[in-house]
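The next block holds one structure in the form of structure tokens; read it before the comments.
The values are calculated or read from the model by the stated rules, or taken from the named source; none is laboratory data. Just so it is clear, the model here is predicted, and its values are computed rather than measured. Cβ coordinates were reconstructed from backbone atoms using ideal geometry, including for glycine residues, and neighbour counts include every protein chain displayed.
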Amino acid sequence: MSLAELRDIVVIVYGAMGVVLMLGMTIAAFGLWFAIRSLSRSLRALLDDPIRPTLEEVHRTAQNVRGTSEFLTDTAVHPLIRVVALGRGFRRGVATVTGVRNRRK
């Protein structure tokens, strides 16, 4: 066996091993990809199960708080603001007509 024949055998064996290694790496990469995808789906389902009802309840609570604050604003705060504004306007009108000003310092 000459050096040229040995070189040819080494090149062929090296090429065949490269093809086998490439196929093995491709199969391993696809297996890893499918495993990660399956794990991601399982994790998402696991998180959605207890979290989604909690988020819906928090949303309902926020809607109740919003409704309560709107009710209080309409029934208590707006009339109070109107009364205070009317009182201040009346006081300023009286002060303008009589010429007496209330100075606070």
Q. From Thr73, Thr26, which residue is modelled with pLDDT under 90 and either within 26 Å of the chain's Cα centre (by Cα) or in a helix (DSSP H, G or I) (or both)?
A. Thr73
Q.
Take the conditions surrounded by 10 or more Cβ atoms within 10 Å (Cβ to Cβ) and without any contact (Cβ under 8 Å) to a residue 60 or more places away in the chain and apply them to Arg88. Does it pass?
A. yes
